[in-house]
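Data first, discussion second: the structure below is written as structure tokens.
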Amino acid sequence: MDVSPTTEPINPVPQFEVTPQPVQIIPTQNIQPLNSPSEFHTKLRSYSLIISVIGVFIIIFIAVIYLISPKKLAETTVASLPSPTPLITTPITNTPTIQITNFLSPTPTSTPTECNSPLAPLNVRPYVRCYYRQIKIDQLEAQAVENRISQTVGSLTIPISLVFEHSEVYKGIPIKWTKNQPLTPDVLTWLKAGIDILPNYFNIDHPVAAIISATDEELESKSIIKPGPDTMAYASGLNIFITATTAKGGSTYYPVDKTSIINILFHEWVHVVQYYEALETFTEEYLAKGRLVEAMATGPLEKGFAKEVGWVYNSDEFGDGIIAKLKADSESQKTTDYGKTKVREDMAESGALFMVCKSNLISEARILWWEKTTGESRTKFCH
Ligand SMILES: [Zn+2]
């Protein structure tokens, strides 16, 4: 235990060294033969005085040692120990614990420093604070985190054995399909038209890993994601997956055209942005526990949007409420029916409408939020 040397200074050794001194100062050989009783009394008084003075010095000396030692102990132990944890339990058993505790953490009742993340919303509960990173990571690190946790959080991962018949990179975005689910030339053109007008906020700051078209069987996605018959595309992890109906250019029942393809591309891309924000803002340990949905719902991106466009949280005084209700006034309600179901979908729906020049279908607050977030005007996407 490397702590023991530091305890030596405060052992009662100094007291032991000091105490015998009176004995040394009264050696019998120093006492001269006395000639008279009065001389004897004079000498006796002198010796008593000397002994008293020495005694006072000893008391002062002991008092000084006592006052200094706990602080000295704390200082030396902190310097010599790798982590503060063992300090409280090991060498301090003989010294006042309170002093040591105070020295190590001046405010022991406050939240530990590592949980005071500047990324956490102001009123968030102390334990939720620990879910936030100290600094936001960049997109490359976020992608690395996603690679590590994708299995745990249930992101759809591309089977290694999957063979793509087509693979191209358009403006930095990979587009791939298998021979069992190729995209029609029209769908590919429309997707590219969507990428052409994406604000940098999307394809530069939050790039999708790939746009992929493959069958559910090929993706082994049945157990994780069950795209319904009216699902045109879905986002999982940092990828966007195109469904069978969309890939072949729609059907009579589910027709697709340029606007709907771009709309769905933007909608799903917003979900990728939301995921990026969670990866960049929250600790990997937290996300790896499968708390992805909570992370998205509590994070500053979704919260910021929700508060500005008319969602109210049940327990918002804590800043980490998840359940939100859309206010009943007409402006708050001005989003799609699907958008009214969840904050997350409201953001995706309104973002997509904003980018296909259908801002008239969403509230002014939503338009303003998207203008602020993308740095683009509402008319930028009108041609
Ligand atoms: Zn959605």
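Where a number appears in this text, it was derived from the coordinates with a stated rule and is not lab data. All figures in this text were calculated on a predicted structure; none of them were measured in a lab. Methodologically, a virtual Cβ is constructed for each residue, glycine included, from the backbone with ideal geometry; neighbour enumeration extends over all protein chains shown.
A few remarks follow.
- Across LYS192/LYS358; LYS325/LYS358; LYS325/LYS380; LYS171/LYS258, pairs whose alpha-carbon gap is larger than 28 Å: LYS325/LYS380
- Cα gyration tensor, segment 139-374 - rounded (a/c under 1.5), prolate or oblate: oblate
- Overall form of segment 304-383 per C-alpha gyration tensor (a/c, 1.5; a/b vs b/c): prolate
- Sorting 265-272, 372-379 by their mean Cβ neighbour count within 10 Å, with the most densely packed peptide first, gives 265-272, 372-379.
- Bridgeable aspartates and glutamates around LYS248 (alpha carbons under 16 Å apart, same-chain partners fewer than 8 residues away excluded): GLU165, ASP186, ASP216, ASP230, ASP257.
- Per-residue 3J(HN,Hα) values for segment 349-362, derived from phi via the Karplus relation 6.51 cos²θ - 1.76 cosθ + 1.60 with θ = phi - 60°, read 5, 5, x, 5, 5, 4, 8, 10, 6, 10, 5, 5, 8, 10 Hz in sequence order (x marks Gly and Pro).
- In a simple Cβ point-charge model (Lys, Arg +1; Asp, Glu -1; nothing else charged), segment 141-280 has a dipole of about 240 debye relative to its Cα centre.
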